[in-house]
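Asker: Please find one structure pasted underneath; my questions will follow.
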Protein chains: 2
Amino acid sequence: MEAVKVGLLGLGTVGSGVVRVLARNDEEISRRAGRAIRVVRAASRDLSVRRDCDLSGIALTDRAQDVVDDPDIDIVVELIGGTGIAYEMVLRAIDQGKHVVTANKALIALHGNEIFARASERGVTVAFEAAVGGGIPVIKAIREALAGNTIEWLAGIINGTGNFILSEMRDKGRDFEDVLSEAQSLGYAEADPTFDVEGIDAAHKLTILASIAFGIPLQYERVYTEGITRITREDVTYAAELGYRIKHLGIARRRDSGVELRVHPTLIPHRRLIANVDGVMNAVLVRADAVGSTLYYGPGAGAEPTASAVVADLVDVTRALTVDPNNRVPHLAFQPEALIDLPVLPIGEAVTAYYLHLRAQDRPGVLADITRILGDLSISIEAVLQRQPAEEATDASIVIVTAAVREANMDEAIRRIEALDTTADHVTRIRLENLN
Amino acid sequence: MEAVKVGLLGLGTVGSGVVRVLARNDEEISRRAGRAIRVVRAASRDLSVRRDCDLSGIALTDRAQDVVDDPDIDIVVELIGGTGIAYEMVLRAIDQGKHVVTANKALIALHGNEIFARASERGVTVAFEAAVGGGIPVIKAIREALAGNTIEWLAGIINGTGNFILSEMRDKGRDFEDVLSEAQSLGYAEADPTFDVEGIDAAHKLTILASIAFGIPLQYERVYTEGITRITREDVTYAAELGYRIKHLGIARRRDSGVELRVHPTLIPHRRLIANVDGVMNAVLVRADAVGSTLYYGPGAGAEPTASAVVADLVDVTRALTVDPNNRVPHLAFQPEALIDLPVLPIGEAVTAYYLHLRAQDRPGVLADITRILGDLSISIEAVLQRQPAEEATDASIVIVTAAVREANMDEAIRRIEALDTTADHVTRIRLENLN
C-alpha cells in the first residue's frame, strides 16, 4: 500500500522530533499501520536554522499554506503553536478536506468547538492526543477506554514545569523563585513563565480533559485558575508534617448541579500514587463509576514524548482515512449532537477541604476564636498544628485542615478570621483533596 | 441507528457486571458510540442461581451455542473462562462471522495465535482488553498509543492477589501463609491459589503484553515463571533497609539476541512509582524509545473494572463493524504478516541484578570468600549488609546486592558459594531491576 503523505507545519523541537521518530521507527510503524507514514513536505518560518533531524527527502518551504494547499498531502500536522497562524492553517486544511493532527492545547481549548464543527462538516478528523500530557495517551484512555463509564472526576498534574518547581521545593527545601530560575536555565520554563506557573497552560489542558470526560463543550473561559507563585517553603513543610504533598492540579468534577473546573495548588495525601509523581513528569487520575480509579503517567512534554503522541494520532488517522466519518471516535468523545452544556459552577460553589495557615498572637483564647468562627459556619476541623513563636517573635503559626465545605462558606470564615484583632490580616488558604 | 445486539456467555461475577454497567450507563454509552449496545441473550450453566443484575429483556439459555448461533447477535462476549468450552465457543462464533469480546487471558495466551488467524480469515475482530490488567486500558495503550515507538521493555504488576500478599507482608510484617489465608477469606485468592501465587496468571498476561509490544507470536510455554511462595518476611525487611520493595513482576525485554520473558519476585527501588502500587491494584510500566517511560495503573480485577474493559471493547468493535478489516487495529498490534518470531531467550541468558541472602559462620574470611567468588565471575557488588548472629546462634546473615549479570554466571556463583564450608547450603536469590 502506498505511503501516507504527511505535511508538517513547524520544524521546532517537536517538529524535528516527529521527523526523527518517523524515520527511526519507520519499519516498526509500518509493521503496525500496514503502510508507511512519511513526511513529504514541511514548512518553517526560518529555513536557515539547522534542525536536529534529517530533512532529506522532505520538500521545504517557508510558507505554511504551501504545505496545506499541496494536493498530494493526506494529513497536515500542526506544530506551530499559538492561536494565530496555527488557527488559520488548521481551518484552511479542514476546508480542503485534509485531516489534521495537532499538539496545540491553546488552539483546541480556545477554538476547538469551531474547529471540530468545521471538521465534522467536511468529514475530516482533527486529532490532538499530544495536546494534553505530552506522550501520555490520556486523551485516548478517556475518550475510548473509559467509554463504558460515567466519569465522576479527574485530577491531573498536567504542567511539568510547575511540578518540577513544587517537587524541588519539597525535596530540597528551596524557595519558589530560586527553583523557577533554575527551571528557566534548564529550559523547562520559558523566559515568561506565566503560562506555566499561573496555571494557564494547565487550564487549557483541563478544558480539553473535562470536555471529553463529561461530553460538554470546550469552555476555557470558565475554568477557575490559580497559580503556584504564592506557595511558600513553609507551607510545603507544614503540608508534609500533616501527611500531604502540594501539587498543582487541574480538577474537573461532576456534581448534581453542574461541573467544577479548577486549576490550583492542592494538598493531597502523600500515600496517593499521584502524590509521588515528581519532577517534570505528568499524571492524570480519573475516577469513573465502573472501573474506579485509573492513573496515566509519563513525560508531559519534550520533543520525542510529544512526537510519540503525534505519531500515534497519525496511525489512528491513517486507519480512519477510508472509514465513514460517523464511525470514527468523535472529537470530544461524545457524538457532537450529544454534547450537553452542563453549567460550570462558579468557584464559590466548589466543595473542597482546606489547609489554612495563619499567624496569630500567642495568647489564650485565640485558637478558640478561630475554631468558633469555623464552627459557626459548619466547617469541621480535621487537624490542627500550632507552633510556638520563634524567639523574639510574638506570633504563633496555626495550621488547620478542614473537612470539605462550600468555598463561599470558607470565604466568609476567612473574612471573619482576618478581622480578628488577634490574627495577622492574611490567612493562607490552599485547597485539599483526598482523591479517594 | 439500531442498537448493537450482544450475546453473553457466562453470567458470573464479570458477566453480571457487564449487564449492570451496560444498563446503568446506557445513555452515556449511546452518547459516545452513537448507538445503543444491548445484551439481548445470555447463557449460563445454571439458570437457577440468583444474579446480581437485572436480567429483564435478556433471553436466557443454559446452552452457550444457542447464543453463539443466534443470527440476531452481532457480538459475542465470552466470560466463561478457561480453555475448554470457551475455546470451542469463541471459534464457533468466529466461524459464524461474529465478532468476539473476551476477558479470557488463558484462552488468548494459549490459543490466541490460532484464534486470531481464524478471525482474520473470517474478517472479524476478537477484542481482549479485559484479559490483562482488568480495567486498565493497557492493551489499547500499547497497541495503539505507543504505535510510533520501538518498545524496549515492560514490567507489570499484573496479578492483584500476589500484590496484595506482598503489600501486606511489607506493611504489617506478616508471613506469606498468613496473608494468603486472609486473601482467600476475602475472596481475592481462589481456594487453589496456584494460578496467582505461582505466577501462572501473570505469565498468561505477560505473554499477551509481550506479543503486542514486540510484534511476536504468543508463546506462553516459553515464559520463565517463578512464584512468590518462598519470599520471607526477612527478605522483605532486608529489601526495605536497602531501599527496595519486592514486587511480583512480569517482565518482557527486547535484547539484541532475542526477548526475555519472565515472571518472578523482583526488588525494585522504592522511589519508583510502580514500587508504590499496593494492595490488589495493578500497574504496567512501559519503556519505549520515543516516549520514554509511561505507566498505566488501576484495578486489575473485579466485576465492574473488568466490565469497563469489556464495554470499551464493545464500543470499539461497534465502531469497527462496518470497517474494512484491513483498516482495523491488528489483534497483536502488528499486521499478522509482520509478526517476527524473535527467539525467546532461556532464563540463563537473562541479564539482571540480584539480591542474595545467605547464612554463614560468623568468623573472619567468610565474606572475603564470597566476594572473591563473585569477583572471579565478574559480578560487581553494589551493596552489602551483614548482620551479627542473634544470641545463641552462630550464623550471621549476609545480604548482597549485585550489578546486572548474565543469569548463568550467577547460577555458577551461587553453586560455588553454596559449596563453601562456611556457608549454609542455600542462598536465597531474588532478581533486582532498577527500571530506569
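The values are calculated or read from the model by the stated rules, or taken from the named source; none is laboratory data. Everything quoted here is computed from the prediction, not taken from an experiment. Cβ placement follows ideal geometry from the backbone for every residue including glycine, while neighbour counts extend to all protein chains displayed.
Asker: What's the total number of residues in segment B:413-436 that are surrounded by 15 or more Cβ atoms within 10 Å (Cβ to Cβ), out of contact with any helix residue (DSSP H, G or I) (no Cβ under 7 Å at 6 or more places or on another chain) and assigned to a helix (DSSP H, G or I)?
Answerer: Total meeting the criteria: 1.
Asker: Go through the residues of segment A:362-370 one by one and say whether even a single one is part of a strand (DSSP E or B) and among the basic types (Lys, Arg).
Answerer: No, because not a single residue in segment A:362-370 is part of a strand (DSSP E or B) and among the basic types (Lys, Arg).
Asker: Mind checking whether some residue in segment B:198-215 is under 28 Å from residue B:383 (Cβ atoms), assigned by TED's automatic domain parsing to the domain that holds residue B:144 and buried (at least 23 other Cβ atoms within 10 Å of the Cβ)?
Answerer: Yes, there is a match, as at least one residue in segment B:198-215 is under 28 Å from residue B:383 (Cβ atoms), assigned by TED's automatic domain parsing to the domain that holds residue B:144 and buried (at least 23 other Cβ atoms within 10 Å of the Cβ).
Asker: Right, something else. Of all the residues that make up segment A:13-27, how many are more than 14 Å from residue A:3 (Cβ to Cβ), facing chain B (nearest Cβ under 10 Å) and surrounded by fewer than 23 Cβ atoms within 10 Å (Cβ to Cβ)?
Answerer: 2
Asker: On the given criteria, is residue B:302 within 11 Å of chain A (Cβ to nearest Cβ), closer than 30 Å to residue B:52 by Cβ and either at pLDDT below 95 or surrounded by fewer than 19 Cβ atoms within 10 Å (Cβ to Cβ) (or both)?
Answerer: yes
Asker: Continuing with this model, one more query. Six or more apart or on different chains, Cβ under 6 Å: which pairs go from a residue in segment B:316-334 that's facing chain A (nearest Cβ under 7 Å) and over 20 Å from residue B:76 (Cα atoms) to one that's surrounded by fewer than 20 Cβ atoms within 10 Å (Cβ to Cβ) and basic (Lys, Arg)? Could you list them?
Answerer: B:334/A:31
Okay, residues lined up against (1) assigned to a loop (DSSP other than H, G, I, E, B); (2) surrounded by fewer than 22 Cβ atoms within 10 Å (Cβ to Cβ); (3) more than 14 Å from every other protein chain (Cβ to nearest Cβ):
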| residue | (1), (2), (3) |
| --- | --- |
| B:154 | no, no, no |
| B:161 | no, no, yes |
| B:171 | no, yes, no |
| B:178 | no, yes, yes |
| B:181 | no, yes, yes |
| B:191 | yes, yes, yes |
| B:195 | no, yes, yes |
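Asker: Test each condition in (1) within 14 Å of chain B (Cβ to nearest Cβ); (2) in contact with a Gly (Cβ under 7 Å, 6 or more places away or on another chain); (3) surrounded by 24 or more Cβ atoms within 10 Å (Cβ to Cβ) for residue A:277 and report the one that comes out false.
Answerer: (2)
Asker: Against the condition without any contact (Cβ under 8 Å) to a residue 40 or more places away in the chain and among the acidic types (Asp, Glu), how does residue B:74 come out, does it pass?
Answerer: no
Asker: Taking the stated definitions as given, is residue A:250 assigned to a strand (DSSP E or B), small (Gly, Ala, Ser) and on the phi < 0 side of the Ramachandran plot?
Answerer: Criteria met by residue A:250.
Asker: Would you check if there is a residue in segment A:357-372 being free of Cβ contacts under 8 Å to residues at least 60 places away in the same chain, farther than 30 Å from residue A:182 by Cα and in contact with a helix residue (DSSP H, G or I) (Cβ under 6 Å, 6 or more places away or on another chain)?
Answerer: Scanning segment A:357-372 turns up at least one residue that is free of Cβ contacts under 8 Å to residues at least 60 places away in the same chain, farther than 30 Å from residue A:182 by Cα and in contact with a helix residue (DSSP H, G or I) (Cβ under 6 Å, 6 or more places away or on another chain).
Asker: Quick test for you: out of B:49, B:14, B:19, B:40, pick the one residue that is without any contact (Cβ under 8 Å) to a residue 60 or more places away in the chain and under 28 Å from the mean Cα position of the chain (by Cα).
Answerer: Every option except B:19 fails the conditions.
Asker: Among the residues in segment B:45-63, are any buried (at least 23 other Cβ atoms within 10 Å of the Cβ), in the same structural domain as residue B:314 (by TED's automatic domain parsing) and at pLDDT 95 or above?
Answerer: no
Asker: I'm checking my understanding of the structure. Among residues of segment B:392-403 that are surrounded by fewer than 18 Cβ atoms within 10 Å (Cβ to Cβ) and of a type in the set (Gly, Ala, Ser), which one is nearest to residue B:433 (Cα to Cα)?
Answerer: Selected residue: B:403.
Asker: Which of the following residues is at pLDDT 95 or above and within 18 Å of residue B:310 (Cα to Cα): B:150, B:83, B:125?
Answerer: Residue meeting the stated conditions: B:125.
Asker: For segment A:93-111, which positions are under 22 Å from residue A:323 (Cα atoms) and in a helix (DSSP H, G or I)?
Answerer: A:93, A:94, A:95 - these are the residues of segment A:93-111 that are under 22 Å from residue A:323 (Cα atoms) and in a helix (DSSP H, G or I).
Asker: Could you tell me which numbered condition residue A:313 fails, if it satisfies all but one of (1) within 30 Å of residue B:289 (Cβ to Cβ); (2) under 24 Å from the mean Cα position of the chain (by Cα); (3) surrounded by fewer than 18 Cβ atoms within 10 Å (Cβ to Cβ)?
Answerer: Exception for residue A:313: condition (3).
Asker: Of all residues in segment B:305-315, which are under 18 Å from residue B:162 (Cβ atoms) and more than 7 Å from every other protein chain (Cβ to nearest Cβ)?
Answerer: Once the filter is applied, which keeps residues that are under 18 Å from residue B:162 (Cβ atoms) and more than 7 Å from every other protein chain (Cβ to nearest Cβ), segment B:305-315 yields only B:306.
Asker: Going by the conditions given, is residue B:268 touching a residue at least 12 places away in the same chain (Cβ under 8 Å) and within 14 Å of chain A (Cβ to nearest Cβ)?
Answerer: yes
Asker: Exactly one condition in (1) assigned to a loop (DSSP other than H, G, I, E, B); (2) at pLDDT 95 or above; (3) surrounded by fewer than 19 Cβ atoms within 10 Å (Cβ to Cβ) is false for residue A:389; which is it?
Answerer: So residue A:389 meets the others, but not (2).
Asker: Within the set of pairs 6 or more residues apart or between chains, which connect a residue that is within 18 Å of residue A:433 (Cα to Cα) inside segment A:340-356 to a residue that is assigned to a loop (DSSP other than H, G, I, E, B) with Cβ atoms less than 6 Å apart?
Answerer: Qualifying pairs under 6 Å: A:351/A:404; A:352/A:404; A:353/A:403; A:353/A:404; A:356/A:427.
Asker: Would you call residue A:227 surrounded by 18 or more Cβ atoms within 10 Å (Cβ to Cβ), part of a strand (DSSP E or B) and among the small types (Gly, Ala, Ser)?
Answerer: So residue A:227 does not fit the description; no.
Asker: Report the residue count in segment B:94-151 for those that are within 11 Å of another protein chain (Cβ to nearest Cβ), of a type in the set (S, T, N, Q) and surrounded by fewer than 24 Cβ atoms within 10 Å (Cβ to Cβ).
Answerer: 1
Asker: Looking only at segment B:333-353, count how many residues are closer than 16 Å to residue B:224 by Cβ and among the polar types (S, T, N, Q).
Answerer: So the count comes out to 1.
Asker: Search segment A:335-351 for residues being in contact with a strand residue (DSSP E or B) (Cβ under 8 Å, 6 or more places away or on another chain) and not in a loop (DSSP other than H, G, I, E, B), and hand back the single one that is farthest from the other protein chains (Cβ to nearest Cβ).
Answerer: A:348
Asker: State yes or no: is residue A:390 over 30 Å from residue A:120 (Cβ atoms), touching a residue at least 60 places away in the same chain (Cβ under 8 Å) and out of contact with any Leu (no Cβ under 6 Å at 6 or more places or on another chain)?
Answerer: No, not satisfied.
Asker: For segment B:230-245, what are the residues that are in a loop (DSSP other than H, G, I, E, B) and either surrounded by 15 or more Cβ atoms within 10 Å (Cβ to Cβ) or not assigned by TED's automatic domain parsing to the domain that holds residue B:275 (or both)?
Answerer: B:231, B:242
Asker: Go through (1) away from chain B (no Cβ under 14 Å); (2) free of Cβ contacts under 8 Å to residues at least 60 places away in the same chain one by one and return the number of the condition residue A:1 breaks.
Answerer: Residue A:1 satisfies all of (1) away from chain B (no Cβ under 14 Å); (2) free of Cβ contacts under 8 Å to residues at least 60 places away in the same chain except (1).
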